[in-house]
Amino acid sequence: MKILLVYPEFPDTFWSFKHALKFIRKKAASPPVGLLTVAAMLPAEWEKRLVDLNVTGLTHADLAWADYVFVSAMIVQRDSARALIARCAAAGVKVVAGGPLFTMEHDQFPDVDHFVLNEAELTLPPFLADLSAGCAQRLYTTNEFPDIQHTPAPLWSIVNLKRYDTVSLQFSRGCPFNCDFCNITALLGHRPRVKTAAQIVAELDGLYARGWRKNVFFVDDNFIGNKKHLKSEVLPALIEWRKDKIGLAFSTEASINLADDPELLTLMAQAGFDTVFVGIETPNEDSLTECSKTQNKGRDLVESVKRLQRAGLQVQGGFIVGFDSDTTSIFQQQIDFIQRSGIVTAMVGLLQAPLGTRLYDRMKREDRLLNEMSGDNVDGSTNIIPTMGLDALRAGYHKILDQIYAPEFYYARVLTFLREYQPPQIRFHFEPQHALAFGRSIYQLGIRGVERAHYWRLFFWTLLRRPRLFPVAITLAIYGFHFRQVAALHVG
């Protein structure tokens, strides 16, 4: 059997980093870890190829070679997935689809031959058995959650890692919280399921043996969902593993209560974590109550962020406007909070209601649902009717983007962060692309860019005051270039 695994293209979004990746001559941030994990679950004797449409094109020869095309996608990849499925149908190649997009919207893809939905550990084996027996059904789904301690490592042998800047691994699935706008618990449950320390070390060993020395993103829904297992097994194993290693800075996603645990913060820094994405959402306590974001309530959120920064973690933040409790004052409140906190990478979006969430059910009851959600966090779209009105919400949202990514505000935020940040001890692996990116930043940002004065102020301030953070400062300057391009698409 010949299996072609195809990953649809991402549009130009906040997290695509397309404009920043050009500085290091990459087209995509990371390979599709979900598809590569599915590839590892397929029979070893089957032939497998990967085509990531974010880095290369799909040819007629690819489709002619394949017996089946396996596709996985997120909602933001919907348009590319539709185009891919149409190409496969025209070529007469059968399509097997899974992943979040199809789990939530499989009824909108009539040309897909087989859906293997939810988590593949449970739904892929019966599909493969039926396929072998010649009686494969169209839909395979489950309400159960698998034990991921038997999940294989991704099949890295079918991907060219040199095309990427980051590799994703997964330690856990699920989240103990119940935010009403988040579909993670609907898809993956409340009880965090974890891999063993031995699994994680084996996956890292495999990457290191293939020459990987760059960023590793633990793509968990909430990395600290099972603190006990992290503290007693996984983080000590990572600390031991990296004693004789260079490179591989770790990043992940976690809830803000990470700031309340000094022991966990120390262990993460020792293990090599230097970045964490946190769902801040809003400084409005009423809105936090409305969406059941209990872990964010009753705390000084700015101080919590700074505690993480001082512990060695650059905080990337997610923010939302458009809650029923929001008034038009929320837009300036968000701007002020983002600037004071020093959250440089601040993703601000309108409230959206994914299918399967409590928010979606409430909006449906109240007859406030609009068209399908785009899945793009910063395109200024929403699939609900906000209480303040769409025009007021969009105008305020554009105000936020226009300000926080304007050079004056953005570079001031970088300096606020650098004054606070205490980076972990990581022996970085130098690559020629780093020197190229530095040179391009001087030309693109320091000579040609509208931010020239701000770039050079950051440049010399960091060299004189925090020279160890100079690579971080230049990286954040490059990120700012990307964010401004993306914001310009939606603000004009």
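A cysteine counts as unpartnered when no other cysteine's C-beta lies under 4.7 Å of its own; in the chain this applies to Cys88, Cys135, Cys175, Cys291. In this Cβ point-charge picture (+1 for Lys and Arg, -1 for Asp and Glu), the chain has a dipole of about 1940 debye about its Cα centre. For the chain, the relative contact order works out to 14 percent when only alpha carbon pairs closer than 8 Å and six or more residues apart are counted.
With the charge dipole of region 165-420 set up from +1 on Lys and Arg Cβ and -1 on Asp and Glu Cβ about the Cα centre, the Cα lying farthest toward the positive end among the listed residues Thr196, Ile338, Ala311 is that of Thr196. Normalising by the residue count of region 1-133, find the relative contact order in percent from Cα pairs under 8 Å and 6+ residues apart. About 27 percent, as a whole number. Within a straight-line Cα-Cα reach of under 24 Å, Lys243 can be paired with the following lysines, leaving aside sequence neighbours fewer than 8 residues apart in one chain: Lys195, Lys214, Lys227, Lys228, Lys231. For region 29-156, the spherically averaged projection of the C-alpha convex hull amounts to 8.2 nm². Plainly put, the chain has a radius of gyration that is 0.95 times its Kirkwood radius, both from alpha-carbon atoms, as the Rg/Rh ratio. Think of each Lys and Arg Cβ as +1 and each Asp and Glu Cβ as -1; about the Cα centre, that makes the dipole of region 2-140 roughly 620 debye. Residues whose amide H comes within less than 5 Å of that of Tyr7, counting only those at least five positions distant or on another chain, are Val51, Asp52, Leu53 (H built at 1.01 Å from N in the peptide plane). Taking only the alpha carbons of region 165-420, we obtain Rg and Dmax values of 18.9, 59 Å in that order. In terms of the Cα gyration tensor, with a ≥ b ≥ c the square roots of its eigenvalues, is region 432-491 rounded because a/c is under 1.5, prolate because a/b exceeds b/c, or oblate? Because a/c hits 1.5 or more and a/b exceeds b/c, region 432-491 counts as prolate. Only helices reaching 27 angstrom along their own axis (Cα) with mean Kyte-Doolittle hydropathy no lower than -0.5 count here, and for the DSSP H runs of the chain these are 470-491.
Note on Thr387 and Asp180: their simple-model spin labels are 1.0 nm apart, each label 7 Å out from Cα toward Cβ.
For the chain, the 222 nm mean residue ellipticity estimated from helices alone, with every DSSP H stretch of n ≥ 4 adding -39500 (n - 2.57) and the total spread over all residues, rounds to -12000 deg cm²/dmol.
Taking the Cα centre of region 432-491 as origin, sum charge times position over the Cβ atoms of Lys and Arg (+1) and Asp and Glu (-1), and report the length of that vector in debye to the nearest 20.
Charge dipole, region 432-491, about its Cα centre: 160 debye, nearest 20.
All of the numbers you see were taken from the coordinates with simple rules; none came from a lab. None of the values given here were measured: they were computed from a predicted structure. Don't worry about glycine lacking a Cβ; one is built from the backbone with ideal geometry, like all the others, and counts go over all protein chains shown.
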